[in-house]
Amino acid sequence: MVVMTRWLDPDEQRTWRAFLSASRGLMETLDRELQRDAGMPHAYYEILVRLSEAPDRRMRMSELATETASSRSRLSHAAARLEAAGWIRREECPTDRRGQLAVLTEQGFATLAAAAPGHVEGVRRHLFDALSPAQVDQLRRISEAVADQLNAS
């Protein structure tokens with residue numbers, strides 16, 4: 001059976017490359033700013049945010065890995081660094097001896113609270129300020145459609 005490749009037409013190719021350039025550039029810029037201003041990569045910031053939003057500021061490590069789209073080993077490595085910084089602590093899961101919880105410490109919450117205003121300003125400056133309100137709505141709807149498609153597969 002021969003499968004026909006559905007090549008991108010010139011407009012789709014321009015759109016794809018613009019999307020790649022914008023998404024890579026945005027994430028690299030936000031990561032660089034967080035490193036400079038808060039001493040942490042974006043991946044660590046996201047872990048702290050997820051924990052700050054979780055009940056009692058704690059979450060199972062396996063769930064945190066899923067929420068941050070990280071492998072368990074990558075999350076474990078990040079957690080070790082966050083723990084060494086005093087920003088999180090790990091506890092045994094009371095309902096599953098094999099599981100662990102990540103818990104955001106007061107120091108971690110204070111670090112996140114200090115980093116958040118600059119990060120939010122960067123997101124606003126580099127993304128939302130470049131768009132009209134209609135484009136913001138379109139970007140949200142497009143992003144949701146792509147995420148839904150990916151989650152369905």
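The values are calculated or read from the model by the stated rules, or taken from the named source; none is laboratory data. Only a predicted model underlies this, so the values are computations on that prediction, with no experimental measurement involved. A quick note on method: Cβ atoms are made from the backbone with ideal geometry, for glycine too, and the neighbour counts reach across all protein chains shown.
Out of ARG89, ARG125, ARG141, ARG97, one residue alone is more than 30 Å from SER21 (Cβ to Cβ), at pLDDT 95 or above and of a type in the set (Lys, Arg). It is ARG89.
Exactly one residue out of SER70, SER153, SER52 is of a type outside the set (Asp, Glu) and over 26 Å from ALA22 (Cβ atoms), and it is SER52.
If you check LEU26, LEU75, LEU30, LEU34 for being within 30 Å of ASP96 (Cβ to Cβ) and either in a helix (DSSP H, G or I) or among the β-branched types (Val, Ile, Thr) (or both), only one passes: LEU75.
Looking only at residues of the range 48-69 that are touching a Gly at 6+ places or on another chain (Cβ under 9 Å) and surrounded by 15 or more Cβ atoms within 10 Å (Cβ to Cβ), we find that the one that is farthest from ALA80 (Cα to Cα) is ARG57. So which residues in the range 85-119 are part of a loop (DSSP other than H, G, I, E, B) and farther than 18 Å from PRO41 by Cβ, if there are any at all? Hits for the range 85-119 are PRO94, THR95, THR105. Please tell me if ARG140 is surrounded by 12 or more Cβ atoms within 10 Å (Cβ to Cβ), of a type in the set (D, E, K, R) and either in a helix (DSSP H, G or I) or touching a Gly at 6+ places or on another chain (Cβ under 9 Å) (or both). When the stated conditions are applied, ARG140 does not pass them.
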